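I have placed the structure first, in the form of structure tokens, so that the comments after it can refer back to it.
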Amino acid sequence: MNATVLVVEDEKHLADGLRFNLEAEGYIVETVADGESALGLLLDESYKFDAVVLDVMLPGMDGFEVAARLREVGQFIPVLMLTARGRPEDVLHGFESGADDYLPKPFELAILIARLRGLLRRRDWLRHDSENLRAASTQGQTMNADSQLTSRQDETHADATNDLFVFDGKTIDFGALELRVGERRVRLTLMEAELLRYLIRHAGRAVSRKAMLEDVWNLSEDTDTRAIDNFIVRLRKYIEDEPSKPRHLLTVRSVGYRFVATPTNER
Ligand code: CA
């Protein structure tokens with residue numbers, strides 16, 4: 001089925017151009033020119049969108065706020081944010097507000113289409129591909145015995161392709177983009193889930209910020225790496241009992257971070 005994309009852009013020529021070109025690629029496209037209208041459509045259950053192309057600079061409510069509001073109410077549709085070139089703070093802010101990917105303006109149409117396709121594909125991977133994680137958990141050396149990956153079937157998610165990662169009493173459900181700790185449930189954005197998945201896949205090994213930016217988000221190294229640190233702060237709030245004393249998401253000084261499923265050297 002063709003994916004349905006909502007384009008939120010107040011510059012009419014750009015919105016029309018995007019519509020024309022995305023439709024030529026086979027997408028079903030709806031355009032709106034302001035943030036309030038976008039939120040209205042995205043929170044209306046009778047509309048089903050697969051992804052949003054969201055401009056930051058909009059009259060009234062800006063793109064950051066739209067993304068943040070969506071995440072607040074549990075709408076986790078993939079968001080490709082259009083930011084102003086040369087403003088790393090926009091990128092950072094975009095990540096923080098819950099965007100899944102970003103593209104600086106002006107952009108080449110081919111790149112936007114590729115990013116959009118990538119976003120939809122990544123979402124599908126998270127939902128359906130458990131093979132890589134399984135491979136990581138059976139390699140043994142890097143994963144500890146009580147960390148395990150299981151497939152689960154229950155009344156709400158009868159889909160056998162769900163993939164779960166269980167560690168230290170916590171469950172990351174990559175299919176549902178959700179972290180469960182006891183009764184507590186935390187919704188994850190696509191970016192958060194992908195970063196977690198990446199760190200878990202490299203469990204026990206230090207991963208550099210540069211590698212994370214390149215491998216998780218396909219961003220070049222001149223991107224502001226503070227975005228990663230902000231993500232880690234958020235992920236620690238989700239998965240650590242004491243976020244200020246992380247046991248799983250460890251800082252590796254002057255390198256980056258390391259995920260440890262089961263800490264062995266408790267201090
Ligand atoms: Ca604009």
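The values are calculated or read from the model by the stated rules, or taken from the named source; none is laboratory data. Remember, predicted model here, so these are calculated numbers, not experimental data. Positions of Cβ are generated from backbone atoms using ideal geometry, with glycine treated the same way; all protein chains shown enter the neighbour counts.
Does GLN148 meet the test of being under 26 Å from ILE232 (Cβ atoms) and modelled with pLDDT under 80?
yes
Please go through the stretch 88-104 and give me each residue that is farther than 21 Å from ILE77 by Cβ and at pLDDT 80 or above, ordered by number.
PRO104
Quick one: LEU196 ticks every box in (1) at pLDDT 85 or above; (2) touching an Asp or Glu at 6+ places or on another chain (Cβ under 9 Å); (3) of a type in the set (A, V, I, L, M) bar one, so which box is it?
LEU196 satisfies all of (1) at pLDDT 85 or above; (2) touching an Asp or Glu at 6+ places or on another chain (Cβ under 9 Å); (3) of a type in the set (A, V, I, L, M) except (2).
Mind listing whichever residues of the stretch 49-70 are surrounded by fewer than 20 Cβ atoms within 10 Å (Cβ to Cβ) and within 21 Å of PRO106 (Cβ to Cβ)?
Matches in the stretch 49-70: MET57, PRO59, ASP62.
Please go through the stretch 40-58 and pick out each residue that is within 16 Å of the ligand (Cβ to nearest atom) and either closer than 12 Å to ILE77 by Cβ or out of contact with any strand residue (DSSP E or B) (no Cβ under 6 Å at 6 or more places or on another chain) (or both).
Scanning the stretch 40-58 gives VAL52, VAL53, LEU54, MET57, LEU58.
Inspect all residues belonging to the stretch 27-48 and state whether any of them is outside any helix (DSSP H, G or I), of a type in the set (Phe, Trp, Tyr), surrounded by fewer than 22 Cβ atoms within 10 Å (Cβ to Cβ) and under 17 Å from the mean Cα position of the chain (by Cα).
Scanning the stretch 27-48, I find no residue that is outside any helix (DSSP H, G or I), of a type in the set (Phe, Trp, Tyr), surrounded by fewer than 22 Cβ atoms within 10 Å (Cβ to Cβ) and under 17 Å from the mean Cα position of the chain (by Cα), so the answer is no.
Output the residues belonging to the stretch 71-89 that are farther than 21 Å from ARG117 by Cα and either away from the ligand (no atom under 15 Å from the Cβ) or crowded, with 22+ Cβ neighbours inside 10 Å (or both).
Listed by number, the residues that qualify are ARG71, GLU72, VAL73, GLY74, GLY86, PRO88, GLU89.
If you go through the stretch 1-17 one residue at a time, how many are of a type in the set (A, V, I, L, M) and away from the ligand (no atom under 12 Å from the Cβ)?
Of the residues in that region, 4 qualify.
What number of residues within the stretch 79-113 are over 18 Å from ARG234 (Cβ atoms) and assigned to a loop (DSSP other than H, G, I, E, B)?
6
Could you check, for the stretch 105-114, whether at least one of its residues is at positive phi, away from the ligand (no atom under 14 Å from the Cβ) and either among the small types (Gly, Ala, Ser) or in the same structural domain as GLY26 (by TED's automatic domain parsing) (or both)?
no
Within the stretch 177-206, work out how many residues are aromatic (Phe, Trp, Tyr) and either free of Cβ contacts under 8 Å to residues at least 12 places away in the same chain or part of a loop (DSSP other than H, G, I, E, B) (or both).
0
So how many residues does the stretch 66-78 have that are in contact with a strand residue (DSSP E or B) (Cβ under 9 Å, 6 or more places away or on another chain), among the aliphatic types (A, V, I, L, M) and not in a helix (DSSP H, G or I)?
Of the residues in that region, 1 qualify.
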